[in-house]
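So the structure is just underneath, and the comments pick up after that.
The values are calculated or read from the model by the stated rules, or taken from the named source; none is laboratory data. Remember, it's a predicted structure, so these values are computed and weren't measured experimentally. Every residue, glycine among them, receives a Cβ derived from its backbone with ideal geometry; neighbour counts consider all protein chains shown.
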Amino acid sequence: MNNSVGNTARLIGAGLRALLVLTIVCGVLYPLAVTGIAQALFNDKANGSEIKDQSGHVVGSSLIGQTYNLPKQNPNDAEEAAKPDLKWFQPRPSGGLGTNSVNTQYSLILSGATNRSADNGAIDGTCTDQAEEGTLCAQVVAAKDAVVADNSTATYKVRPSDVPADAVTSSGSGLDPNISPAYAALQVHRVAEKNGLDVKRVEKLVADHTTGRTLGFMGEPRVNVLELNTALKALTKG
């Protein structure tokens, strides 16, 4: 009987010591080591890839897309459609699974895609303005018409054939922070006009914020909309 009690006590003691050691190693030392390495070597990424404006205030993350819309006339009207603020470069359409009523700069609360096929709503394999409302084709046609109308100015006319795919379709996540250089270039004349800037100056701004393929061969050239608009804000105030 005494031996049984003694063995049980030793087992409990060994288990408690193992628990203490593992708690210190896995719950304290390892997280501290990983955090220290991340802060030392990847400080920006470890802190959320934050973007700051001229005054040092964090305006968002370079990893998450934002909307640039005009304030609603009735903030409590959930049915009122958001209208883009055309003085800013516009991102890709948001096509996620839900909305965020807390921070409207981030229009999605659930990341995801529509999962509609490329020919959803197509007629004879082609997307036309006759597509049934609510289908992907109807959304694409409406988005293309809006891009043409919004970005045409007195001296620059956008043709439907000029509109790149990323201007009228959302990404798989619905949170893509980047647009193609072609879509950024299409918006240059409108942004220059709305802000009273020279077109060449805005073109240079886009060129300065265009990132090439990762390692020279992975992905596509891209423009981060938040970084570009942050620089545009600094330019217009300067």
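Yes or no, residue by residue, for (1) buried (at least 16 other Cβ atoms within 10 Å of the Cβ); (2) under 25 Å from V59 (Cβ atoms):
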site: G174; (1), (2): yes, yes
site: V191; (1), (2): yes, yes
site: L215; (1), (2): no, no
site: G219; (1), (2): no, yes
site: L232; (1), (2): yes, yes
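For the stretch 174-189, enumerate the residues that are in a helix (DSSP H, G or I) and out of contact with any Ser or Thr (no Cβ under 6 Å at 6 or more places or on another chain). Explain how you work it out, then say what you get.
Applying the first criterion (in a helix (DSSP H, G or I)) to the stretch 174-189 yields 181-189.
Hits for the stretch 174-189 are A182, Y183, A184, A185, L186, Q187, V188.
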Quiz item: For the stretch 148-173, what are the residues that are outside any helix (DSSP H, G or I), in contact with an Asp or Glu (Cβ under 9 Å, 6 or more places away or on another chain) and either in contact (Cβ under 8 Å) with a residue 60 or more places away in the chain or aromatic (F, W, Y) (or both)?
Solution: Y156, S170
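Within the stretch 204-212, is there a residue that is in the same structural domain as A143 (by TED's automatic domain parsing), within 22 Å of S61 (Cβ to Cβ), assigned to a strand (DSSP E or B) and not charged (D, E, K, R)? It would help to see each step written out before you state the result.
Just the residues of the stretch 204-212 that are in the same structural domain as A143 (by TED's automatic domain parsing), to begin with: 204-212.
So of that shortlist, the ones also within 22 Å of S61 (Cβ to Cβ) come out as 205-206, 208-212.
Filter once more, so that each one left must be assigned to a strand (DSSP E or B): 210-211.
Next, only the ones that are not charged (D, E, K, R) stay: 210-211.
Looking for residues that are in the same structural domain as A143 (by TED's automatic domain parsing), within 22 Å of S61 (Cβ to Cβ), assigned to a strand (DSSP E or B) and not charged (D, E, K, R), one finds at least one in the stretch 204-212, hence yes.
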Quiz item: If the Cβ limit is 9 Å and pairs must be 6+ apart or interchain, which residue in the stretch 209-221 that is without any contact (Cβ under 8 Å) to a residue 60 or more places away in the chain and on the phi > 0 side of the Ramachandran plot pairs with which residue that is part of a loop (DSSP other than H, G, I, E, B) and loosely packed, with under 12 Cβ neighbours inside 10 Å?
Solution: G219/R213
Quiz item: Is at least one residue of the stretch 91-111 surrounded by 14 or more Cβ atoms within 10 Å (Cβ to Cβ), touching an Asp or Glu at 6+ places or on another chain (Cβ under 8 Å), in the same structural domain as T210 (by TED's automatic domain parsing) and modelled with pLDDT of 80 or more?
Solution: yes
Self-check item: Breaking point among (1) over 22 Å from the mean Cα position of the chain (by Cα); (2) within 24 Å of K87 (Cβ to Cβ), for N151
Solution: (1)
